[in-house]
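Encoded as structure tokens, the structure appears first; notes follow it.
We did not get these values from a lab; they are worked out from the coordinates using the rules stated. Only a predicted model underlies this, so the values are computations on that prediction, with no experimental measurement involved. Methodologically, a virtual Cβ is constructed for each residue, glycine included, from the backbone with ideal geometry; neighbour enumeration extends over all protein chains shown.
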Ligand SMILES: Cc1cc2nc3c(=O)[nH]c(=O)nc-3n(C[C@H](O)[C@H](O)[C@H](O)COP(=O)(O)OP(=O)(O)OC[C@H]3O[C@@H](n4cnc5c(N)ncnc54)[C@H](O)[C@@H]3O)c2cc1C
């Protein structure tokens with residue numbers, strides 16, 4: 001993360017010529033963060049070309065204790081590290097894993113080795129990691145250590161507009177992969193690593209949750225392979241359906257978020273498939289989303305204040321009611337979090353997410369819309385909850401998307417989703433709903449979307465007790481939808497909102513889109 005006027009120096013190369021000679025082994029440290037792989041890895045490539053390498057991963061309390069993160073994330077990370085370690089057996093090495101602060105970790109290494117360089121990818125993370133990076137930067141200076149940071153994808157630090165941004169994206173995605181040549185001479189070996197203090201990780205992190213995808217570079221390749229073999233052919237048909245999207249979408253989001261595969265590796269792999277019969281449409285659809293991946297992260301990189309305030313600053317003045325439809329904000333938030341809204345598709349989506357860590361785009365957008373539009377709960381009260389549930393939590397996508405779906409950008413179409421319509425359109429036979437809400441499984445499919453409409457006779461027939469088997473709707477969506485639309489449209493028309501819209505377009509929108517947008521303020525970004 002960077003702010004425009006307080007950004008971290010990208011490629012700090014300081015001289016070590018005035019350092020005292022040392023009898024400690026000289027090492028380059030590669031600090032793995034959200035780039036948990038050994039292929040297409042620029043920092044690793046630079047490091048191994050310049051000397052002996054020590055791979056490090058730091059489980060930092062500042063993230064472990066952060067409510068955006070959950071046990072599911074640390075399990076995925078640990079699985080990814082184990083996968084790398086399996087691959088490093090041939091090199092007689094392994095990753096040095098530290099549980100604690102980054103600077104403590106580097107001090108331990110510096111105590112036993114002579115760190116000649118620190119290599120990592122730039123991180124577009126939460127404010128806490130930005131501040132940590134500033135501290136590490138200062139530490140490197142005191143130790144006279146080079147810290148070389150490589151770009152992540154096509155996200156550019158310190159960028160103030162989108163001039164040439166698309167061109168850069170294409171150039172980077174089409175350029176050669178960084179494939180470090182690894183051998184037994186590349187890394188610090190097991191024996192040398194033994195001098196470093198060992199961390200004990202919580203037992204729960206080693207447990208496997210069968211409902212979640214498993215982390216690791218080799219798993220990413222398997223999932224990609226299965227998508228390109230057959231799963232992906234119906235990508236564009238199924239992308240918005242909660243059940244079939246689980247098979248037809250790439251499902252690579254956690255692997256991209258934790259860096260088990262690079263965006264460039266994925267982009268190049270899918271392009272090969274494009275010329276085969278029947279694959280053009282799905283591949284084009286997927287490729288455009290890979291573009292969005294960087295586009296959203298770039299937004300967050302360029303305006304990290306989005307973590308706590310609306311990107312459109314006029315919406316700081318948008319007030320959410322304490323009581324809405326007779327319900328306090330705590331009650332509204334709690335019923336949403338615990339899948340007790342009484343709207344089957346909303347509740348099934350939340351339960352599915354809790355259990356599996358995954359939900360397709362449309363259902364994510366609907367969950368946000370239900371909370372922020374129908375329940376009029378401030379987006380900031382729900383954003384962390386979903387982050388912790390998404391196995392693929394990526395701050396740079398999550399925050400801009402959450403704000404966009406909640407309608408506080410002032411530049412996007414306001415989409416107030418009707419969960420019943422979504423249910424009828426995207427889960428017509430109620431397969432997804434019945435899977436996650438088994439208490440509705442005896443109902444005929446046409447009744448599963450609106451169980452509150454059951455007649456007393458149908459209640460008896462299907463052994464269903466209204467408000468007992470399943471809660472009644474907590475609000476009337478016809479009423480709440482209208483209130484939300486009036487409020488949001490009214491706000492979007494305000495001069496301060498429009499002025500901010502102009503600033504946002506200049507900063508975050510690509511040129512072609514910006515021209516279109518200036519003609520029609522309702523175009524989607
Ligand atoms: C409120 C909200 C929060 C979100 N938070 C995250 C998040 O934390 N991490 C995350 O990876 N995605 C997030 N998304 C975007 C999107 O829902 C997921 O990327 C997608 O559902 C992941 O499934 P997939 O890998 O099968 O996607 P595919 O459709 O197969 O797409 C492939 C990749 O493209 C990227 N991508 C796809 N859709 C989008 C999009 N709309 N915006 C940006 N990039 C996209 C992702 O990296 C994804 O893995 C969020 C969406 C919403 C509405």
- Message: I need two numbers for the stretch 303-414: Rg to one decimal and Dmax as a whole number, Cα atoms only, in Å.
- Response: 13.4, 37
- Message: Could you give the length gained by full extension between residue 467 and residue 135, i.e. 0.36 nm per residue of separation minus their alpha carbon distance, to one decimal place?
- Response: 114.1 nm
- Item | the chain, helix-only ellipticity at 222 nm - DSSP H runs n ≥ 4, -39,500 (n - 2.57), divided by all residues, nearest 500 | -13500 deg cm²/dmol
- Query: Bin by bin, in steps of 10 Å, what percent of the Cα pairs in the stretch 428-473 do you find, going until the bin that has the longest distance?
  - Reply: 30, 61, 9
- Quick one: angle between helix 217-229 and the longest Cα principal axis of the chain, in degrees between 0 and 90, rounded to 10, please. 50 degrees
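Mind pulling up the Rg/Rh value for the stretch 11-155? Radius of gyration and Kirkwood radius, both on Cα.
Numbers: Rg = 15.0 Å, Rh = 15.9 Å.
Checking Rg against Rh, the ratio lands at 0.94.
Output the direction-averaged projected area (hull surface divided by four) of the convex hull of the alpha-carbon atoms of the chain, in nm².
26.1 nm²
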- Query: Of the listed peptides 301-311, 264-274, 188-198, what is their order by residue-averaged count of other C-beta atoms within 10 Å, with the highest listed first?
  - Reply: 301-311, 264-274, 188-198
- Note on the structure: Once both label points are put 7 Å beyond Cα along the C-beta direction, the residue 351-residue 161 separation in nm becomes 5.2 nm
- Query: At residue 281 and residue 429, where each label point lies 7 Å from the Cα along Cα→Cβ, what is the point-to-point distance in nanometres?
  - Reply: 2.1 nm
- Within 10 Å, count the other beta carbons around each residue, average over each peptide in 73-85, 489-501, and list them highest first. 73-85, 489-501
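Over its Cα atoms, what ratio of radius of gyration to 2.2 N^0.38 Å does the stretch 358-432 give?
1.10
What fraction, in whole percent, of alpha-carbon pairs in the stretch 60-122 exceed 14 Å separation?
Summing the P(r) of the stretch 60-122 above 14 Å gives 70 percent of all pairs.
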- Rg and Dmax of the stretch 315-511 over Cα atoms: what are they, in angstrom? 17.8, 61
- Relative contact order of the chain, defined on C-alpha pairs under 8 angstrom at six or more residues apart (%): 18 percent
- To the nearest 10 degrees, how steeply does helix 263-273 sit against the main Cα axis of the chain, on a 0 to 90 scale? 70 degrees
- What number, in percent, do you get for the relative contact order of the stretch 11-155 if the mean sequence gap of Cα pairs under 8 Å and at least 6 apart is divided by its residue count? 37 percent
- Item | With Cα atoms, 0 to 90° folded angle of helix 102-112 axis to the chain main axis | 20 degrees
- Relative contact order, percent, the stretch 260-396 [alpha-carbon distance under 8 Å, six or more residues apart]: 21 percent
- Note on the structure: Between the modelled labels at residue 22 and residue 271 (7 Å from Cα along Cα→Cβ) the distance in nm is 4.2 nm
- Using the beta-carbon distance between residue 457 and residue 178 and R0 = 41 Å, what value does 1/(1 + (r/R0)^6) give for FRET efficiency, to the nearest 0.05? 0.05
- Message: Order 462-473, 213-224, 336-347, 55-66 from most to least packed using the mean count of other Cβ atoms within 10 Å.
- Response: 336-347, 213-224, 55-66, 462-473
